[in-house]
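J.: Sharing a structure with you now.
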Amino acid sequence: MADLSADELATQCSTLQEDEITVLESIYPSLTTVHPNPSEKPGRLLTLTIPIALATQTIVQLDTSSGPSASLEVSHLPPITLRILLPATYPIAEPPKPITIRAPLPSGEKIGNWLPRTVLKDVQDKLNELWTEETEIGGEGMGVLWKWWEWVGNGEFLSDLGMIKGDTVELSVPSMLTPSAFHTSLKSYNAGQIHSDFEQTAFSCSICLENRKGKSCIKMPSCGCVFCTPCLNSCWSLAITEGTLESVSCPSVSCVKRRATRDRTDASEDDVDAGLIESVVGEGLRDRWEELKERRKAEIAAVPPPPPPTAASSSSSSSRVIRLSDLSSSSSSSSSPASPFTPAIPTEDRWERYRHCPKCNYSFCLYCQATWHGPHTPCAFPQTSLIVAEYLSYPEGSEGRRKMEASKGKANLERILAKYEEDEANKKWLEGSTRACAGCGVRVEKSHGCNHMTCGRCNAHFCYRCGGAIRPSDPYKHFNTPGTSCYMKLFDAEEVARFERETMEGQGEAAVGGDEFREFRGIWEW
């Protein structure tokens, strides 16, 4: 290069500078600024705003003058701003000259830095060393701006300057900020950068198999699976409309399988919340999802026993408790004034069963004598059965029956008796033809197939023969354990006989019409 004239050297350096700046501007257009030079002074002035993206989630320990303060995990740190002068003979003869170096606070304040001045001075000195090392390795004419960008942007300067102790980055809290304010600003900046990176990254939706930018996708918070918003909207909208809450979650194959084989004792939380639901399907279906979720909890939750009556509830001499016989409608009284026991409770109005003790404020049901259970919940079966048993113990037309009809209403007793007889018949059928889920207790009836059952309400796995719970991770061990009542009983004898019969029928059809693949009643065969 020594045989080049000054003009030739300046021309060649200008070309190399333009190439290096073009590369930076093409990759980081909004972070690279070339300042105008109206006076046409030699060289170029540019500003590089270098965001710091760490390779992994890293713990940042905030230190104060009184000792360590709070800590947080981040993958992004606020940018460092370099103002650099490129001499006319860079990169052949002279190095770039850092004029100023700043680490602006992420809160946007124009004064102050999130790195101490001593650290920024060490960074500037290290940049000059990198130029020397790059020249020794590559020779003259090698640009160093990209090397500087990587050294700062990847966070390598933190380890080179001794700011990383173990796996923790130690940062001093700026004097103009409190530890909590600095902690909040770093956390907010990190979250914003993660969201920005997600929006700019392309993802493949495993439902439609198309590549879409992150701004058109949804990332599941628990598993990290990504789906495009239209596909997830269609999936969740259908599930919420049909009331299948289990499907309002990650629809990926691996996550569906994991949920299906998860034990009911697993206390892992739901992978979706109301905010995520609303962002995908809108406010209307979000409200329906919450309603279905609360209803499901109410269906599965056990009903607490009523509290024992207090002394005040059994003794109300100072205040009068309203009784059924006192509630006679004006129309009933006018139509049959001579009948003192006219039923006063309408057929559909269960609020008439409500009673309230004015002395102790105890609310209870007139018929079952239990704590008030609301107008939409029928009286508990044991109390109803006691009323029916007492009523049927008296002979027809006896004084005992007349007293019960006077206190509770004849029409009401007849309805309770009819409901009791219907419940007894249903109970007998349920005990003989169905099996209770080992998880939530809902009764199910098997029409065909094996004895390994999966509850449609709570997803519990259980055996239809004995009703015992089955581990979802190894459901068939229950049927392969010698010495148990269900050993080798995955299929009942009747089911095996039906299978053999239909197999013979299928072979006859195949002999007539040729081989075909068909499905019958849940069993696949050729």
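J.: Placing unit charges on C-beta atoms (Lys and Arg positive, Asp and Glu negative, everything else neutral), compute the dipole magnitude of segment 111-195 about its Cα centre in debye, rounded to 20.
T.: Working: 6 positive and 12 negative charges, 123 e Å.
It comes to approximately 580 debye.
J.: Using a probe of 1.4 angstrom, how much of the accessible area of segment 2-149 is carbon and sulfur, in percent?
T.: Taking all protein chains in place, segment 2-149 shows 54 percent carbon and sulfur surface.
J.: Next question, about the same structure. Among 53-61, 98-106, what's the highest-first ranking by average C-beta atoms within 10 angstrom per residue?
T.: Per-residue Cβ counts within 10 Å, averaged per peptide and sorted highest first, yield 98-106, 53-61.
J.: Oh, and also: Would you mind working out the accessible area per residue for segment 114-217, using a 1.4 Å probe, and quoting it in Å²?
T.: 56
J.: Give me the dipole magnitude in Debye, nearest 20, for segment 114-153 about the Cα centre, with unit charges on the beta carbon: positive for Lys and Arg, negative for Asp and Glu.
T.: Values: 4 positive and 8 negative charges, 60 e Å.
Dipole magnitude for segment 114-153 comes out near 280 debye.
J.: Given an 8 Å cut-off on Cα distances and at least 6 residues of separation, report the relative contact order of segment 1-157 as a percent.
T.: On the way: 221 pairs, mean separation 33.6, N = 157.
Relative CO of segment 1-157 lands at 21 percent.
J.: Follow-up question, since we're still on this one. Which order do peptides 391-404, 146-159 fall in by mean Cβ count within 10 Å, highest first?
T.: Peptide ranking by packing, descending: 146-159, 391-404.
J.: What is the list of residues in segment 58-94 whose amide nitrogen lies under 18 Å from a point 7 angstrom out from the Cα of ILE164, following Cα to Cβ?
T.: It comes to 58-62, 72-80, nothing else.
J.: Over 18 Å between Cα atoms: which of LYS97/LYS126; LYS446/LYS489; LYS297/LYS428 fall into that group?
T.: LYS297/LYS428
J.: Report the gain in length on full extension from LEU9 to THR503: 0.36 nm times residue separation, minus Cα-Cα distance, nm rounded to one decimal.
T.: So the chain would gain 168.8 nm between LEU9 and THR503.
J.: Excluding residues on the same chain fewer than 8 positions from LYS408, give the lysines whose Cα lies under 16 Å from its Cα.
T.: Output for LYS408: LYS419.
J.: Taking 8 Å as the Cα distance limit and 6 or more residues as the minimum spacing, I'd like the relative contact order of segment 43-127 as a percentage.
T.: 25
J.: List the lysines whose Cα sits under 30 Å from the Cα of LYS215, skipping any in the same chain fewer than 8 residues away.
T.: LYS187, LYS257, LYS293
J.: Further, regarding this structure: For segment 417-431, take each phi angle, set θ = phi - 60°, evaluate the Karplus expression 6.51 cos²θ - 1.76 cosθ + 1.60, and give the result in whole Hz per residue in order, putting x for glycine and proline.
T.: 5, 5, 5, 5, 5, 5, 5, 5, 5, 5, 4, 5, 5, 4, 5
J.: Can you tell me the relative contact order of segment 129-268? Whole percent, Cα pairs under 8 Å, sequence separation 6 or more.
T.: 9
J.: Give the peptides 87-94, 184-191 in descending order of average Cβ contacts within 10 Å, highest first.
T.: Details: 87-94: 18.9, 184-191: 17.4.
Packing proxy ranking, top to bottom: 87-94, 184-191.
The values are calculated or read from the model by the stated rules, or taken from the named source; none is laboratory data. None of the values given here were measured: they were computed from a predicted structure. Note that we place each Cβ from the backbone using ideal geometry, even for glycine, and neighbour counts take in every protein chain shown. These accessible areas exclude ligands, DNA and RNA; they are computed on the full protein's heavy atoms, side chains included. Shrake-Rupley method; radii C 1.70, N 1.55, O 1.52, S 1.80 Å.
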